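Since the structure comes first, as structure tokens, the remarks are kept for the end.
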Amino acid sequence: MARRQFLGTLTGGFVVGGLGTFTHGEAAEHLRANQMRVLTVFLSGGVSQLETWDPKPKTDTGGPFRAIPTAVPGIHISELLPHTAQHMDKLSLIRSINTKNGDHGKGSYQMLHGRNQMPGIDNPHLGAVLAKGLERPNSGLPGFIRVQAGGRGNDSAYLGPRYSSIGVNGAPPPNSARVASLTAEIDQSRQDLRRRANSRFMSTRRTAETDAYTQTYEQALQLMEKRDVFDVNLEPAKEHERYGTKADFGRQCLIARRLLENDVPFVQISHTNYDTHNENFNFHLEQMGEFDKPFSTLIGDLHERGLMKSTLVVVMSEFGRTPRINARYGRDHWGTAWSICLGGAKVQPGAVIGKTNENGTQVIDREVDHGHLFHTYLSAVGLESTSHFNIAGREIPLADPSRSAISELIS
């Protein structure tokens with residue numbers, strides 16, 4: 001994949017976080033350190049809330065696992081997450097989600113777009129919204145990165161391809177290094193010639209398209225200078241061991257840390273195989289074992305490096321799983337009463353929002369849905385979730401205007 005293909009066509013306007021402009025070196029460093037960023041961890045297939053964030057031991061729906069205490073007195077989570085339990089003082093739980101949906105595709109759309117999927121209407125992915133809302137105009141790095149194989153996504157809707165996702169897999173983007181036969185001096189001469197030709201052309205025929213075309217080249221040059229950001233193999237062996245990068249999820253967590261440290265506004269990683277209609281307990285025993293240590297290591301590192309204050313972390317899924325245990329010792333699709341975990345940025349740490357009844361079959365306090373969650377994510381990174389994007393003179397809401405943020409969760 002060539003550099004221009006990697007970057008895609010650059011279109012659309014700029015919305016920059018309102019953090020002010022600094023010229024003094026120390027102030028500029030303070031600004032960079034406090035720019036917000038977001039990491040989503042998508043547990044694909046529908047993780048069980050009862051085996052993670054809202055256990056109900058010793059009930060008819062609870063299953064075989066215990067609830068264990070965490071770093072926050074009074075908050076208990078599943079015994080399958082012993083390492084994460086030690087970091088609950090940095091995280092919070094929402095235990096009262098009702099999305100009224102049990103379809104994988106529709107559920108994923110709800111959680112990643114903040115709205116219900118409707119024919120003929122395309123809404124931007126959360127990552128595209130935040131890549132635009134938290135844009136770094138002078139950065140050569142993409143604003144929305146998926147840690148998985150693949151090229152550019154088609155997930156930015158009316159925001160334009162500038163804010164679409166880019167797939168990376170822990171190696172520098174192909175064709176992002178200057179070829180060995182081309183010296184730095186000759187390459188600089190080529191770029192100077194290109195800039196002079198562009199300047200002459202645009203003096204009489206400048207358009208939004210020519211601006212975007214020119215900026216594509218400039219961003220490609222910046223990307224080439226930062227290509228090592230994507231190379232997880234540059235991490236010391238001890239870091240690979242701590243994260244357990246022989247497993248895919250551990251590798252994704254370490255890549256995510258590198259990207260967040262280098263100020264990428266939105267990063268998405270994933271862990272799959274949670275669609276446990278059969279043998280739910282055996283599967284979650286295995287899956288949570290793969291998830292718990294790398295995730296807790298990542299949270300610990302973000303905290304120790306001072307990044308949790310400026311990084312929103314959200315562990316989400318497309319829905320939960322039924323409290324009722326079926327005949328195959330599995331749990332089926334369930335969007336009626338389930339949970340997510342989140343923390344960092346402006347999220348109040350150590351909080352629990354909402355409550356389900358004794359055996360988890362319904363929400364009994366502070367019911368919310370995907371629309372409320374979307375507003376909350378935006379608010380947690382300092383964006384005004386009720387504001388609008390101006391797209392070609394048309395105002396389009398950042399989030400569903402019929403919903404609002406979970407205000408008591410935002411500090």
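The values are calculated or read from the model by the stated rules, or taken from the named source; none is laboratory data. No experiment lies behind these values; they were computed from the predicted model shown. Please note: Cβ atoms are built from the backbone with ideal geometry, for glycine as well, and neighbour counts cover all protein chains shown. The accessibility values were calculated without ligands, DNA or RNA, using every heavy atom of the protein model including side chains. Shrake-Rupley method; radii C 1.70, N 1.55, O 1.52, S 1.80 Å.
Contact order for the chain, expressed relative to its length and based on alpha carbon pairs under 8 Å spaced 6+ residues apart, stands at 29 percent. Assuming charge only on the beta carbon of Lys and Arg (+1) and of Asp and Glu (-1), the dipole of the chain about its Cα centre is about 880 debye to the nearest 20. Computed in the context of the full set of protein chains, the accessible area of the chain at 1.4 Å probe radius has 51% of its extent on carbon or sulfur. Contact order for the range 97-223, expressed relative to its length and based on alpha carbon pairs under 8 Å spaced 6+ residues apart, stands at 20 percent.
What the chain shows is 45 Å² of accessible area per residue, with the surface traced by a 1.4 Å probe over protein heavy atoms. The protection proxy used here, the mean number of other Cβ atoms lying within 10 Å of each residue, ranks peptides 129-136, 177-184 as follows, highest first: 129-136, 177-184. Using the alpha carbons alone, the radius of gyration of the range 127-222 stands to its Kirkwood radius in an Rg to Rh ratio of 1.02. When the charge dipole of the chain is built from unit charges on Cβ atoms (+1 for Lys and Arg, -1 for Asp and Glu) and taken about the Cα centre, the candidate among Ser48, Pro174, Pro82 whose Cα reaches farthest toward its positive end is Pro174. Placing unit charges on each Cβ (+1 for Lys and Arg, -1 for Asp and Glu) gives the chain a dipole about its Cα centre, and among Ile121, His333, Ile364 the Cα reaching farthest toward its positive end belongs to Ile121. Listed peptides 375-381, 146-152 appear in the order 375-381, 146-152 once ranked by packing, highest mean of other Cβ atoms within 10 Å at the front. Using a/c under 1.5 as the rounded threshold, could you call the range 366-411 rounded, prolate or oblate? The axes a ≥ b ≥ c are square roots of the C-alpha gyration tensor eigenvalues, and prolate needs a/b larger than b/c, oblate otherwise. Since a/c reaches 1.5 but b/c is at least a/b, the shape of the range 366-411 is classed as oblate. Of the peptides 162-168, 278-284, the ranking by mean beta-carbon count within 10 Å, highest at the top, reads 162-168, 278-284.
Applying both filters, DSSP loop and at most 15 other Cβ atoms within 10 Å, to the trypsin sites (Lys or Arg not before Pro) of the range 28-116 gives Lys58, Arg66, Lys100. Evaluated with a Cβ-only charge set (Lys, Arg +1; Asp, Glu -1), the range 58-103 carries a dipole of roughly 80 debye about its Cα centre, given to the nearest 20. Listed options for semi-axes √(5λ) of the Cα gyration tensor in Å are (1) 63, 22, 19; (2) 39, 23, 19; (3) 43, 28, 20. The value calculated from this structure is the one marked (2). Take every Cα pair under 8 Å whose residues are at least 6 apart in sequence, average their separation, divide by the length of the range 294-396, and the relative contact order is 22 percent. Taking Lys and Arg as +1 and Asp and Glu as -1, the other residues whose beta-carbon sits under 12 Å from that of Tyr109 total -2. Only the Cβ atoms of Lys and Arg (+1) and of Asp and Glu (-1) were treated as charged; on that basis the dipole of the range 302-411 about its Cα centre amounts to roughly 300 debye. Considering only Ser189, Val72, Ser139, and ranking their Cα positions along the charge dipole of the chain that arises from unit charges at the beta-carbon of Lys, Arg, Asp and Glu, the one farthest toward the positive end is Ser189. Scanning residues 5 or more positions from Thr356 or on other chains, those with amide H under 5 Å from its amide H are Ile364, with H placed 1.01 Å from N in the peptide plane.
With all protein chains in place and ligands, DNA and RNA left out, the 1.4 Å accessible area ranks Val72, Val38 as Val72, Val38, largest first.
Find out how many positive minus negative residues lie around Val41, taking Lys and Arg as positive, Asp and Glu as negative, among other residues whose Cβ is under 15 Å from that of Val41. Within the 15 Å Cβ shell, the charges total +1. For the chain, the 222 nm mean residue ellipticity estimated from helices alone, with every DSSP H stretch of n ≥ 4 adding -39500 (n - 2.57) and the total spread over all residues, rounds to -10000 deg cm²/dmol.
Please work out whether the range 263-367 counts as rounded, prolate or oblate from its C-alpha gyration tensor, where a ≥ b ≥ c are the square roots of the eigenvalues and a/c under 1.5 means rounded, while otherwise a/b larger than b/c means prolate and anything else oblate? Cα axes put the range 263-367 in the oblate bin.
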